[in-house]
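Please treat every number below as a calculation from the coordinates, not as lab data. All values reported here derive from a predicted model rather than from experimental measurement. We place every Cβ from the backbone using ideal geometry, glycine too, and count neighbours over all the protein chains shown.
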Amino acid sequence: MLTQIQDKVIERINKNIKTENKNIHIEALDAMMLEVARMVSPVNIFVAIDSGNFSNMTLATSFKISIDIDIYVVFRETNREQGRRKGIYPILEGLTQLLMFDYLDMKESIYHLVPAGMKNITSREFAENNLMIFQLTFKTAFNFKRTEEDAPDLLLAGLNYYLGGVHDDPPETSDIIKLGDQKKGGE
């Protein structure tokens, strides 16, 4: 479910950017974010699910996971203050309006996205490379039941992805694993 949510956020942003200018780059968060941002385009958007909390829904059968979806927007700067007021702020506001209260076409599976925060997290390393990075955080949640048949499939898919052989070859697993019925209401 986490991969599906992350992919849907990326898809939603890509679908709604209406510009002839192709100098924007959108992808899942990459460990090489600095290198990508420095070389790819003036505006880079990275999406990650970095944290979440579990809460018990019904005694020992169903849990709710509340997750944080972090969107890192990296800007190549030309004029710091003018760029912030005339370029960065409208992009951050637009992304917030685009995603707030959205179900990502998964209304039966997740709770709507709620904006939770915005922060300039530019590090010294990014600033020295003439880059500025803002983090937007949204919250959503979904419920899931413990099913013994799903656990081995999930574990094997993850392990096969990382340990399944030479990394030059594509993994032998799908990026999306279809599990049993996972309704938002937690049956």
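Structure summary
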{"read-out": "Estimated FRET transfer efficiency (Leu156, Glu128; beta-carbon r; R0 35 Å; 0.05)", "value": "0.20"}
{"read-out": "Inter-probe distance in nm under a simple model that places probes 7 Å from Cα toward Cβ, at Ser55 and Ser41", "value": "3.8 nm"}
{"read-out": "Inter-site label distance for Ile121 and Lys86 at 7 Å from Cα along Cβ, in nm", "value": "2.9 nm"}
{"read-out": "Overall Cα dimensions of region 73-146, principal axis frame, Å, largest first", "value": "49, 26, 16"}
